[in-house]
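Have a look at the structure below before the remarks.
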Amino acid sequence: MIEPCMLRGFFLPCTPCGRFAIIVTRKRKEKKTMPGSSSTQKSQDGEPLLRNISDTARWVAAYRARESERPDALFKDPYARKLAGDRGEEIARSMPFAERHAWPYVARTLNFDRIITQQIKEGADMVINLAAGLDARPYRMELPPQLQWVEVDLAPLTDYKEEILAGEKPRCQLRRVRMDLSDREKRQQLFQELDTQSKKALIVTEGLLIYLSPEDVLDFGRDLAAQPSFRDWAIDLASPGLLKMLQKNLGALEKAGSPLKFAPAEGPEYFNACGWKPVEIYSMIKTAAKVKRLPWSLRFFSWLPESNGKQGGRPWSAVCHLTRI
């Protein structure tokens with residue numbers, strides 16, 4: 001996500017999935033870059049660079065690869081470059097605004113890593129990564145060999161991932177499930193099955209919920225809360241102000257059939273209605289400032305008091321740890 005603020009028509013950018021084309025106003029009339037105009041760019045095969053929701057996984061993998069290749073890398077994902085491929089790098093380069101502001105991808109990854117590591121220390125015996133994309137945590141993180149890790153995503157993306165990672169050995173007990181999570185009956189059956197195989201499971205939905213409607217998120221949360229062993233849930237969340245900004249500037253997602261929808265006015269407390277409550281909230285901007293990935297132009301905003309409740313029109317995003325009520 002991206003946490004920008006606006007001043008006199010300029011975005012002071014604060015960015016599984018933020019992409020922008022920047023508009024700068026000047027005294028003299030100039031031709032403006034239209035929001036989402038990068039979505040019209042084509043790959044070498046003549047297709048749009050961003051064809052569908054699965055291509056956003058390649059895009060995000062490119063940012064993980066870049067962080068991993070830094071001499072002062074905050075995490076190491078040796079598989080990200082192969083998983084992103086040429087297309088992932090092409091997509092990233094086609095988005096000038098996001099190119100200049102990749103820090104939220106780093107902050108998001110670090111915060112999910114933090115929650116996963118802590119929950120495993122506290123006894124989680126299963127991690128269920130829903131809409132897992134091209135995440136390589138079962139390969140790159142230090143994990144107990146007996147830990148069960150379940151990845152769920154669409155078949156084509158999962159097939160691609162398995163092909164790229166063929167020959168690599170995960171550090172835990174890894175299972176992949178090919179499924180469209182919008183099929184409620186099938187996901188309920190899967191959740192019930194996994195519940196019988198775990199005593200304390202952590203659910204991970206990194207970059208997923210923003211694509212769902214508020215009603216669908218409530219149904220999703222209720223389906224998870226119905227399983228006794230599903231104790232904790234890690235999510236990323238945006239404010240209504242940030243969602244509006246993303247919708248205005250991310251034409252590529254709209255054209256790929258994946259519009260952004262979810263950013264509750266209630267903030268993390270929204271999930272109380274489906275059986276979950278927030279216990280930890282990690283602001284993207286404060287995390288990025290702490291690890292020295294936040295641009296200097298935004299440092300002032302990271303010094304402001306923390307605000308984890310209703311955000312309204314304020315651009316805000318965070319990674320949240322929820323626990324079942």
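Read-outs throughout are calculated quantities, based only on the coordinates presented, and are distinct from any laboratory measurement. Remember, it's a predicted structure, so these values are computed and weren't measured experimentally.
Quick notes on this one:
- Between Lys121 and Gln173, the contour length at 0.36 nm per residue exceeds the alpha carbon distance by 17.0 nm.
- Applied to the stretch 52-65, the Karplus parametrisation 6.51 cos²θ - 1.76 cosθ + 1.60 on θ = phi - 60° returns per-residue 3J(HN,Hα) values of 6, 4, 5, 5, 5, 5, 5, 4, 5, 4, 5, 5, 5, 5 Hz, with x for Gly and Pro.
- Cut-off under 5 Å, modelled amide H: who pairs with Asp232 long-range: Ala201, Ile203
- Amide H within-cut-off set for Ser94, under 5 Å, with H built and near neighbours excluded: none
- For the stretch 151-265: rounded, prolate or oblate by the Cα gyration tensor [a/c cutoff 1.5]: oblate
- Residue by residue, the stretch 115-132 carries 3J(HN,Hα) couplings of 5, 4, 4, 5, 5, 5, 4, 8, x, 4, 9, 8, 10, 10, 9, 8, 6, 5 Hz when phi is fed to the Karplus relation 6.51 cos²θ - 1.76 cosθ + 1.60 (θ = phi - 60°); x denotes Gly or Pro.
- Other-chain or far-sequence residues with amide H under 5 Å of Arg176's (modelled H): Glu151
- The alpha carbon gyration tensor of the stretch 249-318 gives principal lengths a ≥ b ≥ c with a/c of 1.5 or higher and a/b no greater than b/c, which makes the shape oblate.
- Interatomic Cα distance distribution for the stretch 223-275, bins of 10 angstrom, percent: 20, 39, 29, 12, 0
- Extension gain for the segment Ala226 to Lys200, taken as residue separation times 0.36 nm less the Cα-Cα distance, is 8.0 nm to one decimal.
- A simple rule links phi to the HN-Hα coupling: the Karplus curve 6.51 cos²θ - 1.76 cosθ + 1.60 with θ = phi - 60°, which for the stretch 193-205 gives 5, 5, 4, 6, 9, 9, 9, 8, 10, 9, 9, 10, 10 Hz, with x for Gly and Pro.
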